[in-house]
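The values are calculated or read from the model by the stated rules, or taken from the named source; none is laboratory data. Keep in mind that what you see is a predicted model, and the values were worked out from it rather than measured. Because the Cβ atoms are built from the backbone with ideal geometry, glycine has one as well, and the counts that use them run over all protein chains shown.
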Amino acid sequence: MPDLAQAPSASPQNQAETVICVENVSKLFQTPARENLEALLNIDLNIRSAEFITVVGPSGCGKSTLLKLIAGFSPCSAGRIVFQGEEVRGLNTKVGYVPQESKLFPWLTVEENVGFGLDSKRYSRADRQRQVSQFIKLAGLDGFEKYYPGQLSGGMSKRASIVRALAYEPPVILMDEPFGPLDAQTRMVLQDELLKIWEQKRQTIIFVTHDLVEAVALGDYVVVMTHRPGKIKDIIKVPMARPRNIFEIHRQEGFDDAYGRLWNIFRHELNIGAH
Amino acid sequence: MGMMGITLVRFAIIIGFFALWEIASGRWIEPFLISSPSRIFISLIDGFREGDLLQHSWVTLVEIAIGFPVGAISGIALGYAFGRSRLLADIFEPIIIALNGIPRTALAPLFIVWLGIGLWSKVGVVFLLTFFLNFFNTYTGMRQMDEEYVDLANLMGVKGWKLTFKVIFPAISPYVFTGIRTSIPFAVIGAIVGEFVAATEGVGFFIRMSAGIFRTADVFVGIIVLMIMVIIMDKIAEAVERRALRWQSQKEHVQIQG
């Protein structure tokens, strides 16, 4: 199995420690017809602090399932996930989760949504307010603090949803195809903003997508998964410098190389011959 | 037709109806059968002036004021508990559904036997009618609720009371309010049915007594009083709902009858 820990680190701190260790994890689901469905099979993955990992694969390859296991929404059928040295059992409250749809709490204002994870025990009133306005600003939502999610555009809800997960500063953020339903322009703008936020905050991000360009453009490493049962086919290091320019990502050095290797893997997967 | 036109036609129909009623009474139909709008109006004024209608209204209002909130709150609480606990729901759901199959007003005589002909038997019937509607609406809300909100909140370290009141109740509040608002007329029905069966005061008693001595105008007066009660309670509930659900841009939600 490919192992990130043995690959040279792309992050600035070379001493970066392993945050998440996925050890030989499998996940079975029972279909309504009582058959076992192997969503994930023997997954091994090490993720170090401050890395931006993207996970690509065809739909139904279990990439969202992997995130759900790391978040502890459901237990592994075999193997284990070790998070900061502790095995994940039950909900893993040290991760932030950005779901496919924004899933902002529609009854809370933008401000209240962003501050939702800020525990009153850990943050004083003033700290909390400072933190909330800082992240609202980071998301470009200043002026919309009192708005309800129903009054926001798709892109704005997405931004709010992302900073809601970032605001309480969990060490790891899991993102499940967050930009999937957006139009191409909004998508690029948000990718760009996400990278800018990440450059400042340097939280570990695991970002699931089915878009190869997005995977290469954002990630330090791209984890490639195969169709059911979901296995890790390969892990590609993206040799592009940071900060990256999302809007001209194709021209950046290293993009073609990484994208080419990724496409090669997918071509085999899709059974399309070489041109 | 514009809004103005629609309003005009509506008023014309209402006024026409009352005019026809007034004309028909005493000419084509015996007044003791249908009374007449003018007689009803006079009886309404007299009823309140001479005091006993106010007393009857007060009695009915007290029955509702105790039975309705207690019924609504316990229905909502149980609906919530069932939604949170698979075990509780698995054990009790079939029982509750079976109980719901009973025509509840048929239990009113039993409540008289158990609780006497005074206040508490009526409170009991009001409670019963209110409870089930609120229970079923809240429970449906719990089952329809998007669990991902709870998962996300849990992941953000939110649990206990904060989870209940900041996440779950807001999420199901459209259903809870539907339950409350549909149960308002039923609470009034409960009080009246109780008073029909056995009572010495209350608007239901007043209606039954008036009908017994063919004071038809007073029967209608009683009905008007009940209508006004329902409308006022509904308006209050609507105002609270609008305030609580102001985050909802669109107002439509599923109407579930219990």
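Among the candidates A:93, A:31, the residue that is of a type in the set (Ser, Thr, Tyr), more than 20 Å from residue A:210 (Cβ to Cβ) and exposed (fewer than 15 other Cβ atoms within 10 Å of the Cβ) is uniquely A:31. State whether one or more residues within the stretch A:133-143 are at pLDDT 90 or above, away from chain B (no Cβ under 13 Å) and assigned to a helix (DSSP H, G or I). Yes, because at least one residue in the stretch A:133-143 is at pLDDT 90 or above, away from chain B (no Cβ under 13 Å) and assigned to a helix (DSSP H, G or I).
Just a yes or no: is a residue in the stretch A:121-129 among the hydroxyl-bearing types (Ser, Thr, Tyr), in a helix (DSSP H, G or I) and more than 14 Å from chain B (Cβ to nearest Cβ)? It would help to see each step written out before you state the result.
Here is the first cut: in the stretch A:121-129, the residues among the hydroxyl-bearing types (Ser, Thr, Tyr) are A:123-124.
Subsequent filtering for residues that are in a helix (DSSP H, G or I) retains none.
Checked against the condition, which is being among the hydroxyl-bearing types (Ser, Thr, Tyr), in a helix (DSSP H, G or I) and more than 14 Å from chain B (Cβ to nearest Cβ), the stretch A:121-129 yields no hits at all.
As a summary of the residue check, residue A:34 satisfies the conditions (1) on the phi > 0 side of the Ramachandran plot; (2) within 14 Å of another protein chain (Cβ to nearest Cβ) except for the one numbered (2). Give me the residue from the stretch B:138-159 that is facing chain A (nearest Cβ under 10 Å), among the aliphatic types (A, V, I, L, M) and part of a helix (DSSP H, G or I) and, out of that set, surrounded by the most Cβ atoms within 10 Å (Cβ to Cβ). Looking at residues that are facing chain A (nearest Cβ under 10 Å), among the aliphatic types (A, V, I, L, M) and part of a helix (DSSP H, G or I), I get B:152.
Scan the stretch B:163-206 for residues that are touching a Ser or Thr at 6+ places or on another chain (Cβ under 9 Å) and within 14 Å of chain A (Cβ to nearest Cβ) and the total you get is 3.
Against the condition of a type in the set (A, V, I, L, M), without any contact (Cβ under 8 Å) to a residue 40 or more places away in the chain, within 14 Å of another protein chain (Cβ to nearest Cβ) and over 16 Å from residue A:45 (Cβ atoms), how does residue A:104 come out, does it pass? Judged against the criteria, residue A:104 is not a match.
Residues are listed down the side, and each one gets a yes or a no for (1) surrounded by 15 or more Cβ atoms within 10 Å (Cβ to Cβ); (2) within 30 Å of residue B:149 (Cα to Cα); (3) in contact with a strand residue (DSSP E or B) (Cβ under 7 Å, 6 or more places away or on another chain); (4) in contact (Cβ under 8 Å) with a residue 60 or more places away in the chain:
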| site | (1), (2), (3), (4) |
| --- | --- |
| B:184 | yes, no, no, yes |
| B:187 | yes, no, no, yes |
| B:207 | yes, no, no, no |
| B:210 | yes, no, no, no |
| B:213 | no, no, no, no |
| B:223 | no, no, no, no |
| B:238 | no, yes, no, no |
| B:244 | yes, yes, no, yes |
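The residues listed here are B:166, B:122; of these, the one that is more than 25 Å from residue B:233 (Cβ to Cβ) and among the charged types (D, E, K, R) is B:166. Filtering the stretch A:73-96 to residues that are more than 9 Å from chain B (Cβ to nearest Cβ) and among the small types (Gly, Ala, Ser) leaves A:74, A:77, A:78, A:79, A:85, A:90.
Name the residue, out of B:105, B:130, that is away from every other protein chain (no Cβ under 14 Å), buried (at least 17 other Cβ atoms within 10 Å of the Cβ) and modelled with pLDDT under 95. Result: B:105 is the single residue among B:105, B:130 that is away from every other protein chain (no Cβ under 14 Å), buried (at least 17 other Cβ atoms within 10 Å of the Cβ) and modelled with pLDDT under 95.
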